[in-house]
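One structure below.
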Amino acid sequence: MKKLLLILAVVALASFLAVGCIPTTPPGGEGEGEGEVEGVVVEVEDEVVVGGKTYVKSGTRGITVTFPAPVEMAVAYITPCTGGIEKDKIVPTGSPIPLWSEDGLVWTGSGTFGGTTAYDCCSSYVLVEAGECEADVCVYYPVIVDSEVPYACIEVTSEECECEGCAVTFESTSQEQECAEAEECCGDDCSGLAGWSIAIYEDDPFDKCCETPCDEPIFTCSGTACPIDCTTDCLDAGDKYYVVVNLVDNVGWEAEYYATIVLDTACGVTVTQFYADKLDCQCTTWGSPVTDTGCDVGACEPFDNCIEQNG
């Protein structure tokens with residue numbers, strides 16, 4: 001009798017897997033998980049894992065679902081992007097995302113993450129239905145959708161070099177808060193800052209080229225984390241220089257700030273920040289001056305006029 005029950009259990013399990021319904025429970029923690037759930041691997045195009053959480057850049061992204069055994073059908077849904085998710089209320093919403101496969105094992109498609117939302121950094125799930133289980137969600141894959149660019153508020157100072165010329169220093173600043181520690185004006189509030197760079201040119205680097213600077217910079221510096229702290233080699237007093245600051249976060253959002261610096265003969269520095277017009281490919285002028293920020297270069301939060309939206 002025991003042997004008969006064991007055989008029946010094995011047959012039932014094999015039949016269950018054959019239709020491809022692989023039940024899972026949502027992984028614990030917002031945005032946690034490496035994409036592998038009970039033998040099913042879910043991957044979103046260009047996803048990155050930071051601090052144990054999976055982040056994706058907002059916009060249309062490819063989705064790949066790999067099953068341990070062939071299934072007859074597979075579709076996906078992307079839940080609305082919110083500040084948080086109540087896991088016991090997760091249901092498929094919106095139109096299903098068709099997934100296509102040649103072998104029943106690897107299924108691919110694409111869907112839009114983020115969309116119209118009040119949140120720049122929000123939780124979402126990729127829900128996958130598989131096999132003949134059209135009424136059931138078989139896989140829950142949590143992600144955090146990053147729609148926000150990095151930012152920095154940079155102070156620019158200058159002092160005389162020992163021999164001749166002026167050394168210019170770029171330092172990110174902090175913002176005082178009442179009854180709390182000062183908040184650093186540098187970073188990325190979602191997936192995190194991946195790196196920053198500063199390039200200085202003697203001539204307008206976008207006078208002929210729009211996508212990338214035409215000229216070679218006379219000085220560069222870079223880093224992978226805040227704070228930003230960079231001091232140039234000795235520059236000629238009395239000259240004008242062009243500055244391009246680039247920041248990139250872990251999912252690939254970029255922000256670029258543009259400024260000119262003019263050094264007087266006593267190494268005093270005058271900084272004018274610009275909304276560079278290279279984004280519109282009108283490379284005849286340096287653009288319009290920025291008048292609505294208290295920073296020499298940049299801002300304490302993202303502002304669209306200086307953002308390279310490269311999604």
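Specify which of the listed residues (163, 81, 133, 138) is touching a Gly at 6+ places or on another chain (Cβ under 6 Å) and at pLDDT below 90. Outline the logic, then answer.
On the way: 163 fails: touching a Gly at 6+ places or on another chain (Cβ under 6 Å); 133 fails: touching a Gly at 6+ places or on another chain (Cβ under 6 Å); 138 fails: touching a Gly at 6+ places or on another chain (Cβ under 6 Å).
Being touching a Gly at 6+ places or on another chain (Cβ under 6 Å) and at pLDDT below 90 holds for just one of 163, 81, 133, 138, which is 81.
Of all the residues in segment 238-276, those that are in contact with an Asp or Glu (Cβ under 7 Å, 6 or more places away or on another chain) and closer than 18 Å to residue 159 by Cβ number 5.
Checking the condition touching a strand residue (DSSP E or B) at 6+ places or on another chain (Cβ under 7 Å), in contact (Cβ under 8 Å) with a residue 40 or more places away in the chain and either of a type in the set (Ser, Thr, Tyr) or farther than 19 Å from residue 237 by Cα (or both), which residue from 149, 168, 156 passes? Explain how you work it out, then say what you get.
Values: 168 fails: either of a type in the set (Ser, Thr, Tyr) or farther than 19 Å from residue 237 by Cα (or both); 156 fails: either of a type in the set (Ser, Thr, Tyr) or farther than 19 Å from residue 237 by Cα (or both).
After applying the criteria, what remains is 149.
Looking across segment 138-168, just one residue is surrounded by fewer than 20 Cβ atoms within 10 Å (Cβ to Cβ), under 28 Å from the mean Cα position of the chain (by Cα) and not charged (D, E, K, R), and that is 156.
Among the residues of segment 273-311, write down those that are in a strand (DSSP E or B) and either surrounded by fewer than 16 Cβ atoms within 10 Å (Cβ to Cβ) or at pLDDT below 70 (or both). 288, 289, listed by residue number.
The values are calculated or read from the model by the stated rules, or taken from the named source; none is laboratory data. Quick caveat: nothing in here was measured; it's all calculated off a predicted structure. Cβ sites come from the backbone with ideal geometry, for glycine too, and all protein chains shown count toward neighbours.
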